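Novice: After the C-alpha cells below, expect a handful of questions from me.
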Amino acid sequence: MTLGARAAASAIAALLMLVVLPCLSTARAETRFHPAYLDHPMLGPQAAKGVVIWNHGTTTYYAASDPSESAVPIFVSLLRDAGFDVYRLDRPPSGESIDASTAALLAAVQQVKSEGYRKIVLAGQSAGAWISIIAAGKTADIYAVIANAPAYYGVDHPRYTMNAYVLFDNLKAVQTRRVMLSFFRNDPFDPGGRGPKSAEILRGRGIDTLIIDQPEGFSGHDSGNGGLFYRRFGPCVLAMAGNGPVPTRETCESDWGRKPSAEVALPPGTTPLATGSGAIAPFLGRWWGTYQNGREVSLVITHVDGERVDALYLVGSTPSGDAKSDAIRRTGRITGDTLELAEAGKPTIRFRVRADQGLDVEWLSANGTSRLTTVLQRVTP
C-alpha cells in the first residue's frame, strides 16, 4: 500500500471512530477519537510500529478552558517520530466521568485492535493517566501505559488522598506488560508517597515497571507536558514503548539540563563584567538554567554605566527545533534586588536575587500573553 493510500485509509478509519464513539452514550455526545497530528500522515496498522492513544487531563464543566482542546505534549512526538501512529481521545468536560471516559477509551482500544495494530500504547496526564491505568486493568490488549501525574479526585482534603489509595487499587488490576509512572514535586493533587508503593504493587505482580519519582528540576502537576520532560526522559518513554529490556531510571535518563551545552556558549569576544560593587555585585558572573519548555537560558552582565546595565541573554533551541539558539544583547536597570531587561517591542525579562544566592527568572512575551519562569545558578569557571 502506498503512503497516500495508507493516509487515506487512516483518515477513513478516523472518521468511522468519530461516528462510533459518540454512540456509546448521550452523555459523551462530543467525545472524539481522531489522529493527533493532522499535518503528519498516518502509517497505518501494517507499517506502523504500533499505535499510541493520548489522553488529556480534565477540569470542571464550568471551567474557562477545555482540556480536550489542549495540545498534545511534546514527548508524545518522540513516539510519532519513532514510527508509531498517534491518536487522541478528546473528552469535553460536559461528558467527563471515570466510567464514561474509561468506556470511551476501551472502545478506542478495540477500534485500533480491530484495524490490526500490533502494539497499543496508552499515554496520558492527570485524569488521562488515571483512565489509562483503569483501562489497562480491564483488557489485556494494551502493551504499555505511560502515565504522568495520575489523579482524578481534586485537591480538597481529605478527598484528594483517594489519588493515592484508589490509584493503588487500580494498579493491582493492571494487565499490561509495561507501566511507566511519573510523579512530580509540588503537585497539589499528589498526597505523597505514591512512587515507592506503586513500584511495590506493579513489580510484585511481575509487571515491568519504571517509576520517575520526584525528579529534580520539575515542579507542578503539568511537569510531564513540557520540553524538559521531553529532553530528560524521552529515552525512557521510547524504551518503554519498545521491545527491548525495560530500563532503570539511571540507564535511560538523559543528563540534559545538568550543565551548560554549546548552545549557550559565550560568543567570541564577549567579556563578562568581572568586578563591581553595590546593586550590580550579586548579578556578576555567568548564570545558567533551563526553562520547562526545554530551552536553556544563560545571563552575563557585560557593562554598567550609571543606572544602565548591558547584558547578554542566551537561549538554547526548542526541543522541536522550531526556535534556534540565540545570543541577544539587552539593556535594562537594577531596582532593589531585581534586574529588569525591558525595551519596547521586546520580551521583558526580570532576574531577582534569591536567598540561596540563585536568580529567579521571569520571562514575559512582548504582548503579555506568555510567561516562563525558572531559577538560574552561577556557573563556576
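Novice: When both residues are 6+ apart or on different chains and their Cβ atoms are under 6 Å apart, which pairs have a first residue that lies in the range 103-117 and is in the same structural domain as THR176 (by TED's automatic domain parsing) and under 12 Å from VAL52 (Cα atoms), and a second that is outside any helix (DSSP H, G or I) and among the acidic types (Asp, Glu)?
Specialist: Final answer for the pair search is VAL109/ASP141; LYS113/ASP141.
Novice: Can you tell me how many residues within the range 353-373 are within 14 Å of VAL315 (Cα to Cα), touching an Asp or Glu at 6+ places or on another chain (Cβ under 8 Å) and β-branched (Val, Ile, Thr)?
Specialist: Residues in the range 353-373 being within 14 Å of VAL315 (Cα to Cα), touching an Asp or Glu at 6+ places or on another chain (Cβ under 8 Å) and β-branched (Val, Ile, Thr): 1 in total.
Novice: Which of the residues spanning the range 167-197 are over 22 Å from GLU253 (Cα atoms), of a type in the set (A, V, I, L, M) and either buried (at least 18 other Cβ atoms within 10 Å of the Cβ) or outside the structural domain of SER223 (by TED's automatic domain parsing) (or both)?
Specialist: LEU167, LEU171, VAL174
Novice: From PHE184, PHE168, grab the single residue that is over 24 Å from TYR291 (Cβ atoms) and not hydroxyl-bearing (Ser, Thr, Tyr). First the steps, then the outcome.
Specialist: Numbers: PHE184 fails: over 24 Å from TYR291 (Cβ atoms).
On inspection, the qualifying residue turns out to be PHE168.
Novice: Related question: Is it the case that SER325 is modelled with pLDDT of 95 or more and surrounded by 11 or more Cβ atoms within 10 Å (Cβ to Cβ)? Break it down stepwise before answering.
Specialist: Numbers: modelled with pLDDT of 95 or more: yes; surrounded by 11 or more Cβ atoms within 10 Å (Cβ to Cβ): yes.
Yes.
Novice: If GLY128 satisfies all but one of (1) part of a helix (DSSP H, G or I); (2) within 21 Å of the chain's Cα centre (by Cα); (3) within 19 Å of PRO45 (Cβ to Cβ), what's the number of the condition it fails?
Specialist: (3)
Novice: Answer with yes or no whether VAL237 is outside any helix (DSSP H, G or I), within 26 Å of ASP81 (Cα to Cα) and assigned by TED's automatic domain parsing to the domain that holds THR161.
Specialist: When the stated conditions are applied, VAL237 does not pass them.
Novice: Of all residues in the range 293-308 being touching a Lys or Arg at 6+ places or on another chain (Cβ under 6 Å) and crowded, with 19+ Cβ neighbours inside 10 Å, which is nearest to GLY278 (Cα to Cα)?
Specialist: It comes out as VAL300.
Novice: Do you know which of the residues in the range 163-185 that are touching an Asp or Glu at 6+ places or on another chain (Cβ under 7 Å) and either of a type in the set (D, E, K, R) or in a strand (DSSP E or B) (or both) is farthest from GLY124 (Cα to Cα)?
Specialist: Going through the qualifying residues, I end up with ARG177.
Novice: Can you tell which of ALA144, ALA151, ALA164 is in contact (Cβ under 8 Å) with a residue 60 or more places away in the chain, over 20 Å from GLY234 (Cα atoms) and assigned by TED's automatic domain parsing to the domain that holds ALA103?
Specialist: The unique qualifying residue is ALA151.
Novice: Okay, moving on. Quick check on GLY269: is it surrounded by 19 or more Cβ atoms within 10 Å (Cβ to Cβ), assigned to a loop (DSSP other than H, G, I, E, B) and of a type outside the set (A, V, I, L, M)? Spell out how you get there, then give the answer.
Specialist: On the way: surrounded by 19 or more Cβ atoms within 10 Å (Cβ to Cβ): no; assigned to a loop (DSSP other than H, G, I, E, B): yes; of a type outside the set (A, V, I, L, M): yes.
So GLY269 does not fit the description; no.
Novice: Kindly state which strands (runs of 3 or more DSSP E) lie completely within the range 297-381 and contain at least 1 residues that are within 30 Å of ASP81 (Cα to Cα) and in contact (Cβ under 8 Å) with a residue 24 or more places away in the chain.
Specialist: Working: elements: 308-315, 326-335, 338-341, 348-353, 359-364, 371-379.
Hits in the range 297-381: 308-315, 326-335, 371-379.
Novice: What's the number of the only condition in (1) surrounded by 13 or more Cβ atoms within 10 Å (Cβ to Cβ); (2) within 20 Å of ARG378 (Cα to Cα); (3) among the acidic types (Asp, Glu) that ASP255 fails to meet?
Specialist: Failed condition: (1).
Novice: Do we find a residue being on the phi > 0 side of the Ramachandran plot and under 15 Å from the mean Cα position of the chain (by Cα) anywhere in the range 174-184?
Specialist: no
Novice: Hey, another quick one. Looking only at residues that are touching a Ser or Thr at 6+ places or on another chain (Cβ under 8 Å) and farther than 22 Å from PRO282 by Cβ in the range 330-363, which one is surrounded by the fewest Cβ atoms within 10 Å (Cβ to Cβ)?
Specialist: GLU343
Novice: Also, quick follow-up: Would you check if PHE218 is farther than 29 Å from VAL52 by Cβ and touching a strand residue (DSSP E or B) at 6+ places or on another chain (Cβ under 8 Å)?
Specialist: no
The values are calculated or read from the model by the stated rules, or taken from the named source; none is laboratory data. On a predicted model such as this, the values are computed, not experimentally measured, just so you know. Cβ atoms come from the backbone with ideal geometry, glycine included; neighbour counts cover every protein chain shown.
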